[in-house]
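The values are calculated or read from the model by the stated rules, or taken from the named source; none is laboratory data. Remember, predicted model here, so these are calculated numbers, not experimental data. Here the Cβ positions follow ideal geometry from the backbone for every residue, glycine too, while neighbour counts run over all protein chains shown. Please note that ligands, DNA and RNA were not included when accessible areas were found on the heavy atoms of the full protein model with its side chains. Shrake-Rupley method; radii C 1.70, N 1.55, O 1.52, S 1.80 Å.
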Amino acid sequence: MSIQAPIRRMTAPQIRARKGGAPIVSLTSYHAHTAAIVDKHADFILVGDSLGMVMHGMDSTIGVPLDLMIMHGKAVVRGTQRALIVVDMPFGTYEESPNMAFRNAAKIMKETACGAVKLEGGARMAETIRFLSERGIPVMAHIGLTPQSVNTMGGFKVQGRDEAAWQVHIDDALAVAEAGAFALVVEGVVEELADRITAAVDIPTIGIGASKNCDGQILVLEDMLGLNPRVPKFVKVYGDLGPAIERAVEAYAEEVKTRDFPGEGNVYR
Ligand code: KIV
């Protein structure tokens with residue numbers, strides 16, 4: 001008789017320990033069924049607030065409510081067994097104070113059973129990251145192009161084109177690492193700056209539109225599957241699900257219109 005060992009989920013400290021080691025694979029996912037597929041290959045899955053734009057047709061992530069993150073977080077946790085699940089804290093739920101951040105991060109963790117939260121911001125969020133980390137909440141930080149700051153950045157703009165600004169980003173990375181973040185998403189910065197950040201910090205950097213030399217990479221699943229008509233320039237598209245879905249829907253519509261499908265399925269016999 002063989003006894004199967006229970007599958008253990010990846011933890012935040014295990015991701016933290018991968019600094020400089022085997023590249024960390026991660027993707028976003030917002031639903032149980034896609035998460036179950038991603039779970040076979042990813043070290044962590046991010047329930048990103050990009051779901052507001054990708055799933056709900058919003059123009060930015062600003063309008064994403066906490067309850068929506070919790071609902072999608074629950075679905076992704078239900079659909080997975082092994083990857084660490086990280087849930088984004090949406091705009092307006094953590095910036096005001098460490099206390100507010102703790103209240104909302106604890107709500108996310110209790111209701112979804114995820115293993116960590118992510119929040120945007122560098123040095124200005126260091127106090128909050130320390131407050132959460134010291135109270136049992138693993139925090140992934142996110143610097144560079146931070147989509148929740150779209151209105152102050154004046155758009156989704158690549159950061160660090162001007163070398164004079166690099167030190168600010170490097171200081172942001174050092175501040176969140178020192179405050180206890182277990183990993184750091186570096187989004188939309190020029191390659192050399194991403195490399196400097198990776199070399200400067202002792203926690204793994206997770207690149208998105210940054211550099212292949214980051215300790216790991218993340219992409220929005222729908223972008224790399226060819227499901228999003230508005231993909232950022234840097235994204236390599238690995239699938240063509242948009243056209244594939246279109247072909248399937250067209251074929252179905254044709255069969256419905258010509259009453260062609262009953263013999264082949266879609267009716268109980
Ligand atoms: O919301 C999101 O999906 C993200 C990733 C793009 C890193 O923050």
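Give me the 1.4 Å probe accessible area per residue for segment 12-240, excluding ligands and nucleic acids, in Å².
43 Å²
Please label the shape of segment 167-269 as rounded, prolate or oblate, based on the square roots a ≥ b ≥ c of the eigenvalues of the alpha-carbon gyration tensor (a/c under 1.5 means rounded; beyond that, a/b larger than b/c means prolate, else oblate).
prolate
Can you pull out the GluC sites (Glu not before Pro) in segment 75-164 that DSSP calls coil and that have at most 14 other Cβ atoms within 10 Å?
Listed in order of number, the matching sites are Glu96, Glu134.
If the elastic network links every pair of Cα atoms under 10 Å, which of Pro98, Pro90, Pro243 fluctuates the most in the Gaussian network model of the chain?
Pro243
Please report the antiparallel percentage of the DSSP beta bridges confined to segment 12-240, to the nearest 5. Present the calculation step by step, with values, prior to reporting the outcome.
Details: 1 of 31 bridges.
Percent antiparallel among DSSP bridges in segment 12-240 is about 5.
Normalising by the residue count of segment 93-186, find the relative contact order in percent from Cα pairs under 8 Å and 6+ residues apart.
Value for segment 93-186: 32 percent.
Once you sort the root eigenvalues of the Cα gyration tensor of segment 12-240 as a ≥ b ≥ c, which label holds: rounded (a/c under 1.5), prolate (a/b larger than b/c) or oblate (the other case)?
Numbers: a/c = 1.26, a/b = 1.09, b/c = 1.16.
Rounded shape, in that the Cα axes give a/c under 1.5.
Which residue, chosen from Leu174, Met125, Val185, occupies the Cα position most advanced towards the positive end of the dipole of segment 101-210, where the dipole is computed from +1 (Lys, Arg) and -1 (Asp, Glu) charges on Cβ about the Cα centre?
Of the options given, the answer is Met125.
Taking all protein chains in place and a 1.4 Å probe, what share, in percent, of the accessible surface of segment 110-269 do carbon and sulfur account for?
53 percent
For Cα pairs less than 8 Å apart in space and 6+ apart in sequence, what is the mean separation divided by the residue count of the chain, i.e. the relative contact order in percent?
This gives 17 percent for the chain.
So for segment 74-133, averaging the separation of alpha carbon pairs under 8 Å that are six or more residues apart and normalising by length, what relative contact order in percent results?
Taking the mean separation of contacting Cα pairs over the length of segment 74-133, I get 40 percent.
Can you work out ³J(HN,Hα) from phi for every residue in segment 215-229, in order, using Karplus 6.51 cos²θ - 1.76 cosθ + 1.60 and θ = phi - 60°, giving whole Hz and x for Gly and Pro?
Taking θ as phi minus 60°, the curve returns 6, x, 9, 9, 9, 6, 3, 4, 5, 6, 8, x, 9, 10, x Hz for segment 215-229.
Give the dimensionless ratio obtained when the Cα radius of gyration of segment 113-152 is divided by 2.2 N^0.38 Å.
Segment 113-152 yields a ratio of 1.23.
222 nm [θ] for the chain, helices only, -39500 (n - 2.57) per DSSP H run of 4+, per residue, to 500?
Using -39500 (n - 2.57) per qualifying helix, the result is -11000 deg cm²/dmol.
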